[in-house]
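Following: one structure in structure tokens, then a few remarks.
The values are calculated or read from the model by the stated rules, or taken from the named source; none is laboratory data. Predicted model only: the values in this text are computed from it and were never measured. Here the Cβ is made from the backbone with ideal geometry for all residues, glycine too, and neighbour counts use every protein chain on show.
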């Protein structure tokens, strides 16, 4: 009897630990990597210097940046993290410059650019040549942010926004497009249903890390935490390390 009580107490004590042991993987969302010059929303700008400092923290603390093409590596690498950039602004070339600057034999930075396919080649947006160069670098994955950036909960033409944007980006990069970022982070059941026809992953702007749940829709409800102009390094550390950290 005492042995049974001991085992019951032991199980009760260990069970929460077993549940919380599932890895929490930070997924970050950026927009403009540039100095704020008074145009647009200041909070959506992270300066190149600020961004480089954040990336150096990841390098010096053993993080492994991943893209969605190597999703399964999250289970085998040290401290996985996903770095994403929405809208396809020209200033995102600063990301590539900084990645090349800080890479080492051990630290291979990578990120995912979610571009609006109908906006490619517009002023202040990445060009076809930019996207091809970035995709060929092996550092940047080019994925879809739809064709025209609509609220997907309010449209009916999913073919152009989801299928056509995917196809047009693939023609430019020569690489598969398997992930989409929902404009404004908005989605509903119809959005997920349509997204599943063309993509393996769907990105929200629901804050928080990704924790595997086993849900059939979890890959289409991936959370991301904003990194903003006002995000201090200590804030960034709390976001990427989590409440208990990776230690």
Among residues of segment 86-122, those that are in a strand (DSSP E or B) and without any contact (Cβ under 8 Å) to a residue 12 or more places away in the chain, counted: 0
Among residues of segment 149-186, those that are touching a strand residue (DSSP E or B) at 6+ places or on another chain (Cβ under 9 Å), farther than 16 Å from residue 86 by Cα and part of a loop (DSSP other than H, G, I, E, B), counted: 1
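Filter segment 178-190 for residues that are over 14 Å from the mean Cα position of the chain (by Cα) and within 30 Å of residue 236 (Cβ to Cβ); which is surrounded by the most Cβ atoms within 10 Å (Cβ to Cβ)?
Applying the first criterion (over 14 Å from the mean Cα position of the chain (by Cα)) to segment 178-190 yields 184, 186-190.
Filter again for within 30 Å of residue 236 (Cβ to Cβ), leaving 184, 186-187.
On the way: 184: 13, 186: 14, 187: 22.
Applying the filter and picking the extreme gives 187.
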Given (1) outside any helix (DSSP H, G or I); (2) more than 18 Å from the chain's Cα centre (by Cα); (3) modelled with pLDDT of 95 or more, number of the condition residue 81 does not satisfy: (2)
Cross-chain or 6+ apart pairs with Cβ under 9 Å, segment 153-179 first and at positive phi, then surrounded by 17 or more Cβ atoms within 10 Å (Cβ to Cβ): 174/135
Every pair of residues 6+ apart whose Cβ atoms lie under 6 Å, when the first sits in segment 65-85 and is in contact (Cβ under 8 Å) with a residue 24 or more places away in the chain while the second is in a helix (DSSP H, G or I) and crowded, with 21+ Cβ neighbours inside 10 Å: 85/92
Of the criteria (1) free of Cβ contacts under 8 Å to residues at least 40 places away in the same chain; (2) touching a strand residue (DSSP E or B) at 6+ places or on another chain (Cβ under 6 Å), which one residue 125 fails: (2)
Residue pairs meeting the criteria (Cβ under 6 Å; at least 6 apart or on separate chains; first in contact (Cβ under 8 Å) with a residue 40 or more places away in the chain, in segment 216-227; second part of a helix (DSSP H, G or I)): 225/239
